[in-house]
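Here, each number is a calculation from the coordinates, and none is a lab measurement. Remember, it's a predicted structure, so these values are computed and weren't measured experimentally. With ideal geometry, Cβ positions are generated from the backbone for all residues, glycine too; neighbour counts draw on all protein chains shown.
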Number of protein chains: 2
Amino acid sequence: MTRIDDVARLAGVSTATVSRALRGLPTVSAATRRRVLAAAEQLQYAVSPSASRLAGGKTGTVAIVVPRITRWFFGTVVEAVEDFLHRYGYDLLLYNLGGREQTRRRVLRTANLDKRVDAIILVATPLRPADVAALTRLALPGVTISSGSGVPGWPRVRIDDVAAGRAATRHLLDLGHTRIAHISGDPDDELAFTTHLDRRRGYHEALRAAGIRPDPSLDVESQFTIDGGIRATTELLTRGEPPTAIFAACDEMAMGAMSALRDAGLRVPHDVSVIGIDDHDLAGVLGLSTVAQPAAEQGLLAARILLDPLGVRAADPYPGLVPYGADTDADEGSPRSVILPTRLVVRESTAPPRAN
Amino acid sequence: MTRIDDVARLAGVSTATVSRALRGLPTVSAATRRRVLAAAEQLQYAVSPSASRLAGGKTGTVAIVVPRITRWFFGTVVEAVEDFLHRYGYDLLLYNLGGREQTRRRVLRTANLDKRVDAIILVATPLRPADVAALTRLALPGVTISSGSGVPGWPRVRIDDVAAGRAATRHLLDLGHTRIAHISGDPDDELAFTTHLDRRRGYHEALRAAGIRPDPSLDVESQFTIDGGIRATTELLTRGEPPTAIFAACDEMAMGAMSALRDAGLRVPHDVSVIGIDDHDLAGVLGLSTVAQPAAEQGLLAARILLDPLGVRAADPYPGLVPYGADTDADEGSPRSVILPTRLVVRESTAPPRAN
DNA sequence: CTGAAAGCGCTTACAG
DNA sequence: CTGAAAGCGCTTACAG
């Protein structure tokens, strides 16, 4: 294994100079830099991250924690973050909670992240007070994406879930529906986090604004997954007269609902309209109406916000990559928290209720 | 920041003993171990990975390289690998190529991985000779999943893509179809790798075995994505009389095909049958017939195979997690290469051709 | 602009 | 079973 002193010897300089030249520090003459780079190239030299980190006090690594990488939203966020961070030379450590409380605790609470990363991105991760305390104790920069309770001092990137729930419900109301069901996360579902509470609130608000009292029998709790949508819808259909429309808290649940409705012999949207939230990759294929949220943009924005306290040089070498017009969420008291806009996308799964 | 000598002082032992006790080495008395653990607990001590790695010569980190984490197969593989490796205390460094040749080269060829990880998992990553040479030079253990060209000495985990293509095509033939189209990856599509070549070969073999000469006008190249499926199918429909069935090289393409057919006013399976390969999460919802491949199992198996050369203690503390009965691919000359079985799953998207 | 030297926080022979 | 000491391969003041 070639080390820094091999390069130093070949280039005829000290290891300190090699270190400086290789990292592009300005205090190296052009001629010296050239010689060092040539020597490093010739020897196929790669700096040892461990040694560099120990000496330099930085890990060059960011941790990202997601509930389930296989869900559309989280996969899309991770992809965007990975792309951005690698451009700036950061490594991405992936933690996939997989709905296991034990894993969540191990990742957040133990000394796991300590000394291992320079910063943390938490995506829709439930945080108990003890977790927040542990994260605060780490004293690292961090960002949360679509997380309910934040970490003091950490910016937050998210959408307005209440508004999204309202928009979805209002779309159904505008079509003339009055028996509108809602399927969403249950309290035990770690993946749902608090997102489902906000979306449900939007549902209730929209109904009440239309003079409709929410009917508990039309409100079913389940998991934020395809299967969760299937189960919730099946349950809904056993409760008596079916609703004329279903608002699912995420597209995956909406897809499950479409599947369950079809299996029950009901047509979408002829018998029942369905709308979700997300704008999943496959929403178009399924003709699913939805309230679109910008997933990749949330990841990109979070990554960019994170790089700032890490003292990353270039301000934004990829202008245009990050969406403009993001509102600063001043209420939070956090630096540069951001709420990104959502957008109603009407496809074939919603229509006026059948006249009967 | 508390360091190892803080713990040593509090426990009244040397740092060497703290190091041994914390890592569970057997050469520490029970009483001493207890005192060390208590001291570490009390001080909230976390070992510095950088220092530990530099001194110990191991990074405790595995790199996984995937074309696109957002595609079903890759997301599922990463989730399984992450779970398995974290159980054994390894960190997972994620590299998402995103179809960028430049990124692929940066990750594989430069000194990127050198000294940074203990082992590498390559998922469906195209390897040019220079890449193979670079990987070989690293002299690290590795595994490839569903990759065409392997790395000498690295085990391979995959399915038999030719057989999968054959099975899908034969299913359509068995239903009575003779005008069977195929949509698959094109040579420029990094994501498709060589997988599409094998699946196409299976298609050709099955046709020929049935006495049908492959019709080039029914064979369309596109991307391994939903959009790719849409484009390929649209192209197919412009070429004259539509086929009575389409075999798509992956479920995402098949879903795109279903969407394009619907947009063209054709019904599935009444007018055109569609089958894919994968058994995507949403295949059930869409009623898509497919040749199922075990994605999580390929990830798990690859992770387990990888841990062996890393000298991980426990053989398999999670028996049953990894599928048995995997055939050893002796031809390869690689240690413990494995081919996992696929399975035809018939749903509603395939039916006999319409009588006309 | 460059170098000598200390130091980052561990682990590992080696000795006992 | 335990400790003293060297060493892992860099980076960073400090001095010039």
As a percent rounded to 5, the proportion of antiparallel DSSP bridges among beta bridges in chain B is 15
Any idea how far apart A:Asp186 and A:Arg262 come out in nm if each label point goes 7 Å out from Cα toward Cβ? 2.6
Copies of B:Arg201 compared via label points 7 Å along Cα→Cβ give distances in nm, shortest first, of 5.8
Amide H proximity to A:Asp91 below 5 Å, modelled H, separation 5+ or other chain, gives A:Thr61, A:Val62
Yeah, region A:94-146 with a ≥ b ≥ c from its alpha-carbon gyration tensor (a/c under 1.5 is rounded, else prolate when a/b outruns b/c, oblate otherwise) is rounded
Exposure-ranked with fewest Cβ neighbours within 10 Å first, A:Ser14, A:Ser48, B:Ser29 stand as B:Ser29, A:Ser14, A:Ser48
Once the label point is placed 7 Å from Cα along Cβ, list for B:His270 the distances to the corresponding points in the other copies, in nm, shortest first. 1.0
Taking 1 over the mean of 1/r across every pair of different Cα atoms in chain A, what Kirkwood radius in Å do you get? 22.5
Counting only other residues whose beta carbon sits under 10 Å from that of B:Leu43, what net charge do I get with K and R as +1, D and E as -1? 0
How far is the Cα center of region B:11-74 from the Cα center of region A:138-180, in Å? 38
Can you sort A:Val36, A:Val312 from fewest to most other Cβ atoms within 10 Å of each residue's own Cβ? A:Val312, A:Val36
With springs connecting C-alpha atoms under 10 Å apart, model chain A as a Gaussian network and identify which of A:Asp263, A:Asp271, A:Asp279 has the largest mean-square fluctuation. A:Asp263
When you count, for each residue, the other Cβ atoms within 10 Å and take the mean per peptide, how do A:20-28, B:117-125 rank with the highest first? B:117-125, A:20-28
Comparing B:Leu172, B:Leu97, B:Leu43 in a Gaussian network model of chain B (Cα, 10 Å), the one with the largest mean-square fluctuation is B:Leu43
Note down the nm distance, to one decimal, between modelled labels 7 Å out along Cα→Cβ at B:Glu235 and at A:Arg201. 5.0
Find out how many positive minus negative residues lie around A:Pro353, taking Lys and Arg as positive, Asp and Glu as negative, among other residues whose Cβ is under 13 Å from that of A:Pro353. 0
10 Å Cβ neighbours from other chains, averaged over peptide B:59-72: 3
Please list 3J(HN,Hα) in residue order for region B:90-100, calculated via the Karplus relation 6.51 cos²θ - 1.76 cosθ + 1.60 where θ = phi - 60°; whole Hz, with x for glycine and proline. 8, 8, 10, 9, 9, 10, 10, 6, x, x, 9
Using amide H atoms built in the peptide plane, which far-off residues or other-chain residues are under 5 Å from A:Gly142 H to H? A:Ile120
What are the label-to-label distances in nm, one decimal and shortest first, from B:Asp227 to the same spot in the other copies, with labels 7 Å along Cα to Cβ? 3.2
Using the Cα gyration tensor of region B:161-293, with a ≥ b ≥ c the square roots of its eigenvalues, what is the shape: rounded (a/c below 1.5), prolate (a/b larger than b/c) or oblate (neither)? rounded
Please build a GNM for chain A, connecting alpha carbons under 10 Å apart, and tell me which residue among A:Val285, A:Val272, A:Val81 fluctuates the most. A:Val285
Is the protein assembly as shown best put as rounded, prolate or oblate by its Cα gyration tensor, with a ≥ b ≥ c the root eigenvalues, rounded for a/c under 1.5, and otherwise prolate when a/b is larger than b/c, oblate when not? oblate
Quantify how strongly other chains surround peptide A:48-57 by giving the mean number of their Cβ atoms within 10 Å of each of its Cβ atoms. 6
Taking each residue of B:226-236 in turn, how many C-beta atoms of other protein chains fall within 10 Å of its C-beta, and what is the average? 1
Mind jotting down the distance between the C-alpha centroids of region B:264-284 and region A:224-288, whole Å? 19
What do you get for GluC sites (Glu not before Pro) in region A:170-246 restricted to DSSP loop and a cutoff of at most 11 other Cβ within 10 Å of the site's Cβ? none
Quick one: which residues, 5 or more positions from A:Val345 or on another chain, have an amide H under 5 Å from its amide H? H modelled 1.01 Å from N in the peptide plane, none for Pro or chain starts. A:Thr290, A:Val291, A:Ala292
What is the order of A:Met258, A:Met253, fewest Cβ neighbours within 10 Å to most? A:Met258, A:Met253
What list of whole percents do you get for P(r) of region A:159-231, with Cα-Cα distances grouped in 5 Å bins up to the one holding the largest distance? 4, 18, 26, 26, 18, 8, 1
